[in-house]
Amino acid sequence: VLVPALPMGTVAATARLAGNPAQPQGDLRVDVRGLTLPGGALKPMNLNLTGKLERDSAGGGALALRLAPDQATVAALGGTECRVEARVPLLFGADGLPRPHMQGPLRAALRWNGAVAPLWSLLPVADQRLAGRLALALDVAGTLEAPAPKGFVRMDDARYENLTLGVLFSAINLRLDLEEGHAGALGLARLNLAAADGQGGTARIVGQGRLDGSHLDFKANLDRLRPLRRRDVRVELSAQATVGGSATAPEGHGTLTVNQGLVLLNNLEVGGSITTLPISTTTPAWAKAGYEPPIPAAPQGKKVVAPAATGAASFGAAAVSGGKTGLLDVRIVIPGRFVVEGFGLKSEWRADMHIGGTPAEPLVSGQLSAAKGSLDILGKNFKLARGAVTFGGGDVSNPLLDIMLTNQTPALTANISIVGTVRKMQLVLS
């Protein structure tokens, strides 16, 4: 009554403790019947949890647990097999109270075979969908302090859809193998993931990493991938990238090419507000003197990288300052055929940019420039004389703007210029 979002159902629990503080024994049983989740479409589920407290003569022991849904529940979840078991090591004090034994032997097992969609529906992600077949077999040995998992995860012919972003992947095939280490060596996780977009494009990630995250070696390949199904944005991507280093300090290298793209401003589905530009009918001092727009000052404590700075320079700076947090060395190329249209604007853009720095603080340098374009405004057609969005290594959300559109008649040449930064842009009429 007080918390309407809680699951519905009935619970029956029995716990028994016997013996004495030096040699305690006990067991636990919890039965859940008619379990339904808020907003869930699944049939009511029945679950059973059993536990047994064990004690040995050396002062140690364990809590053995087993979670077992009944066959009707497994079938409702789309499965043909489901098993969850664990044996958690314990230490008993003089008072008989147990605590986790971090160095004691750990045993756990998880098995699942069946469909993905019913399980996915249990997660609080209503705007995302995942379907396909999933087989999972994991065993955990070692200790609580240093668990040693082994087993595999298989997903076949899956389909993922993000309704909010308009992302769709099909023909998803996942192979994840967890290998137990030998002779003191840490175990490995080997990944092979492939997906398609249903339009001829593909994506693949392969590689391996230590189970403790101390070493990564992954490669990603995109081949003319079109992941979006939207009315406002279309894009085709190709990429070659690697991820090395460690989980705490990853190192990413590669090149992302936007083969072609289309942005229809009239159909934009993202939220936001219209920016009011300060309008000036005078020419800025830098323009009168014939100079290029100034590079915005960097925030205190950060260094501005000139637009002409090479990727190697940014890469080196990241290696020095971000040795403990990873580094990035990624080139983004738009050779052309990236069209932005809407509200009277027709334009085609190209770019050559570099992302350096670290994953936590990426540094973007380079330029997004207009190849051609025009804008219909005030009943006139203005041609794009120049257009550049320059990233100088500072805040990626505040690039430098230098855009000018011109309308020429025998009696008058009218110019519309947008200069400054995104946060402090100015519209100049001349």
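For region 11-32, the candidate set comprises residues that are modelled with pLDDT under 95, of a type outside the set (A, V, I, L, M) and assigned to a strand (DSSP E or B); within that set, the residue that is nearest to L123 (Cα to Cα) is D27.
From the list L77, L122, exactly one residue is surrounded by fewer than 16 Cβ atoms within 10 Å (Cβ to Cβ) and of a type outside the set (S, T, Y). Which is it? Quick ask: steps written out before the conclusion?
Working: L77 fails: surrounded by fewer than 16 Cβ atoms within 10 Å (Cβ to Cβ).
Answer to the check: L122.
The set of residues in region 229-270 that are in contact (Cβ under 8 Å) with a residue 40 or more places away in the chain, among the charged types (D, E, K, R) and open to solvent by less than 50 Å² (accessible area, probe 1.4 Å) contains only R230. Filtering region 197-216 to residues that are under 30 Å from R229 (Cβ atoms), of a type in the set (S, T, N, Q) and more than 20 Å from the chain's Cα centre (by Cα) leaves only Q199. Residues in region 23-48 that are surrounded by fewer than 15 Cβ atoms within 10 Å (Cβ to Cβ), under 18 Å from L6 (Cα atoms) and polar (S, T, N, Q): T36 only. Scanning region 326-358 for residues that are surrounded by 16 or more Cβ atoms within 10 Å (Cβ to Cβ) and part of a loop (DSSP other than H, G, I, E, B) yields a total of 2.
Under 30 Å from P89 (Cα atoms), of a type outside the set (G, A, S), open to solvent by 50 Å² or more (accessible area, probe 1.4 Å) and in contact with a Ser or Thr (Cβ under 9 Å, 6 or more places away or on another chain), is that true of H182? I'd like the intermediate steps shown before the answer.
Numbers: under 30 Å from P89 (Cα atoms): yes; of a type outside the set (G, A, S): yes; open to solvent by 50 Å² or more (accessible area, probe 1.4 Å): yes; in contact with a Ser or Thr (Cβ under 9 Å, 6 or more places away or on another chain): no.
The answer is no for H182.
Identify, from the list G201, G209, G213, the residue that is touching a Pro at 6+ places or on another chain (Cβ under 9 Å) and open to solvent by less than 50 Å² (accessible area, probe 1.4 Å). Reasoning before the result, please.
Working: G209 fails: touching a Pro at 6+ places or on another chain (Cβ under 9 Å); G213 fails: touching a Pro at 6+ places or on another chain (Cβ under 9 Å).
Going through G201, G209, G213 in turn, just one is touching a Pro at 6+ places or on another chain (Cβ under 9 Å) and open to solvent by less than 50 Å² (accessible area, probe 1.4 Å): G201.
Out of curiosity, is L163 surrounded by 15 or more Cβ atoms within 10 Å (Cβ to Cβ) and hydrophobic (A, V, I, L, M, F, W, C)? So L163 fails the test.
Sort through R111, R66 and tell me the only one that's part of a strand (DSSP E or B), without any contact (Cβ under 8 Å) to a residue 60 or more places away in the chain, of a type in the set (K, R) and within 23 Å of L123 (Cβ to Cβ). Quick ask: steps written out before the conclusion?
Numbers: R66 fails: within 23 Å of L123 (Cβ to Cβ).
Checking each option against the conditions leaves just R111.
The values are calculated or read from the model by the stated rules, or taken from the named source; none is laboratory data. Just so it is clear, the structure is predicted and the values come from calculations on it, not from any experiment. With ideal geometry, Cβ positions are generated from the backbone for all residues, glycine too; neighbour counts draw on all protein chains shown. The accessibility values were calculated without ligands, DNA or RNA, using every heavy atom of the protein model including side chains. Shrake-Rupley method; radii C 1.70, N 1.55, O 1.52, S 1.80 Å.
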